[in-house]
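Here's the structure, in structure tokens; my notes come after.
A short reminder: the numbers here are calculations on the coordinates, not readings from a lab. Please read all numbers here as calculations on a predicted model, not as lab measurements. Counting neighbours? That spans all protein chains shown, and the Cβs are built from the backbone with ideal geometry, glycine included.
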Amino acid sequence: MTTRTYDRPSGPSSSILGVTLTLGLALACGNSKSNTNDGGTGGAGTGGSGGSGPVTDGGSDAVTSGKIAINGSASPFPGDPETDFTQLSLSIADPVSVLAGQDPLAKQPSFDTSAAVCPGATCAAPFSFTDVPVDTATNTFGLLAILEDLRPGSSDGGVAAKWVRTGTGIANQAQLGAAIASGTLGPRPIFAVSAAFEAGLAQFVAGARAATNGDGITGAPGSLATRGFVLAMILANDTPKPTPVAGATIAPMIAANASKYVVLYPNADFTGVGAATSATGLVLIYPSGTGLAPVGAWLVTPPAGSTATWPAQVVGAQANGAVVLLDVSN
């Protein structure tokens, strides 16, 4: 998959400053307890085209590969002011293949945003794939859903893109293995980060890190996305939906990687940063310098007095885009 650099709106944006994030999550992919079919409505995809079914590892009863159905809905990231989902494409990909520039496993060129599907001002645009080929031996980091704005840039006679290229993790390897066995993965929520939201985040970072000159984030629109960043939500595995956790922290399991990233915990109203998550559970992570940032396992430390645990999550930032991580407790 080719990485694109997007044209940005001119002038600074404060679209997210003073905004309190609200969550309406269906199911987050980081939950290691959610290893079985979690209510997806898509048909079983294990048969696939041409009669190919699940494949075992050559002797054991474990199913390691097959074709599955994947479904869910796409929404703006909580608090994002943009609502226009036209001209957005969706790809299902292996994170490693994305870094290598390889083709996705499946792709749809657009969403149905008609009044019948999205009757209000905002829309949780549904998506559904059948017969997506997956293999736990190959997709070792799970699966990533990538939203990409197809608007041509100004150099092509078009207008500035409304959305930053955004990836959301939709399955870890354990969930992928369960999906291969059941034939279905879903419903999965995925999120898009707009150029306006990124511009506000860039300003926020520049202000919060003024003493270090923003670590190279100038505050200009696009300066954070050019570096690449992660929006992580630390969530508790509550019923019926995951809920944000205040007072948690997240860090790389490999200590040497800690200096390669900046980790910020924005206040709920974006008036500053704290030492741990606010009531929104939000964490903003970005590489401390330019160049290829290390991809590795990160682990949540729970709030004081909490006995909750979180599974290790593979975290990494890719230049010219955003990654959304929904990290749900066990």
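Suppose the chain between Ser110 and Ala275 were pulled fully straight at 0.36 nm per residue; how much longer would it get relative to their current alpha carbon spacing? Intermediate results must be reported in sequence, preceding the final value.
On the way: separation 165, 0.36 × 165 = 59.40 nm, distance 4.01 nm.
Length gained between Ser110 and Ala275: 55.4 nm.
Counting other C-beta atoms within 10 Å, which of Ser194, Ser75, Ser97 has the fewest, and how do the rest follow? Walk me through the numbers on the way to the answer.
Values: Ser194 26, Ser75 20, Ser97 17.
Fewest to most other Cβ atoms nearby, the residues stand as Ser97, Ser75, Ser194.
Distance between Cα centroids, segment 184-214 to segment 124-139: provide it in whole Å.
Comparing the Cα centres of segment 184-214 and segment 124-139, I get a distance of 26 Å.
May I ask what percent, to the nearest 5, of DSSP beta bridges between residues of segment 49-328 are antiparallel? Display every interim value, and only then the final one.
Values: 46 of 63 bridges.
Antiparallel bridges make up about 75 percent of those DSSP assigns within segment 49-328.
Find the centroid of the Cα atoms in segment 71-121 and in segment 288-323, then give the distance between the two in whole Å.
23
For segment 49-328, just say rounded, prolate or oblate: build the C-alpha gyration tensor, square-root its eigenvalues into a ≥ b ≥ c, call rounded for a/c under 1.5, and beyond that prolate if a/b exceeds b/c, oblate if not. Working shown, then result.
On the way: a/c = 1.60, a/b = 1.23, b/c = 1.31.
Here segment 49-328 falls in the oblate category.
Are there any trypsin sites (Lys or Arg not before Pro) in segment 179-283 that are in a DSSP loop and have at most 16 other Cβ atoms within 10 Å? List them by number.
Taking segment 179-283 and a limit of 16 other Cβ atoms within 10 Å, no loop trypsin sites (Lys or Arg not before Pro) are found.
Check which residues have an amide H placed less than 5 Å from Val164's amide H, if you skip close sequence neighbours.
Under 5 Å from the amide H of Val164: Val193, Ser194, Ala195.
Let me know the shape class of segment 277-316, please: from the alpha-carbon gyration tensor, a ≥ b ≥ c as square roots of the eigenvalues, rounded when a/c is under 1.5, otherwise prolate if a/b is greater than b/c, or oblate.
Details: a/c = 3.51, a/b = 1.78, b/c = 1.96.
Verdict is oblate for segment 277-316.
Whose amide H sits under 5 Å from the amide H of Phe141, counting only residues 5 or more places off or on another chain, with H placed in the peptide plane?
Under 5 Å from the amide H of Phe141: Val96.
Mind checking which of Ala225, Pro95, Val134 is farthest towards the positive end of segment 89-226's charge dipole, using Cβ charges of +1 (Lys, Arg) and -1 (Asp, Glu) about the Cα centre?
The Cα lying farthest towards the positive end belongs to Ala225.
Which order results if Ser73, Ser65 are arranged by neighbouring Cβ count within 10 Å, fewest first?
Values: Ser73 18, Ser65 21.
Lowest count first: Ser73, Ser65.
State whether segment 84-218 is rounded, prolate or oblate according to the following rule on the C-alpha gyration tensor (a ≥ b ≥ c being the square roots of its eigenvalues): a/c under 1.5 gives rounded; otherwise a/b larger than b/c gives prolate, and the remaining case gives oblate. The partial results should precede the final answer.
Numbers: a/c = 1.94, a/b = 1.34, b/c = 1.45.
Verdict is oblate for segment 84-218.
Which whole-Hz couplings ³J(HN,Hα) result when phi for each residue of segment 239-246 is put into the Karplus expression 6.51 cos²θ - 1.76 cosθ + 1.60, θ = phi - 60°, listed in order with x for Gly and Pro?
10, x, 9, x, 10, x, 10, 8
When the label point is put 7 Å from the Cα of Gln173 along its Cα-to-beta-carbon vector, which residues of segment 232-257 have a backbone N closer than 16 Å?
Residues passing the 16 Å test: none.
Show me, for segment 135-145, the HN-Hα J-couplings you get by feeding each phi into the Karplus relation (A = 6.51, B = -1.76, C = 1.60, θ = phi - 60°), rounded to Hz, glycine and proline as x.
Ordered by residue, 3J(HN,Hα) equals 7, 5, 6, 9, 8, 5, 9, x, 10, 10, 9 Hz.
Based only on other Cβ atoms within 10 Å, what is the fewest-to-most ordering of Cys118, Cys123? Intermediate results must be reported in sequence, preceding the final value.
Working: Cys118 17, Cys123 21.
With the fewest neighbours first, Cys118, Cys123 line up as Cys118, Cys123.
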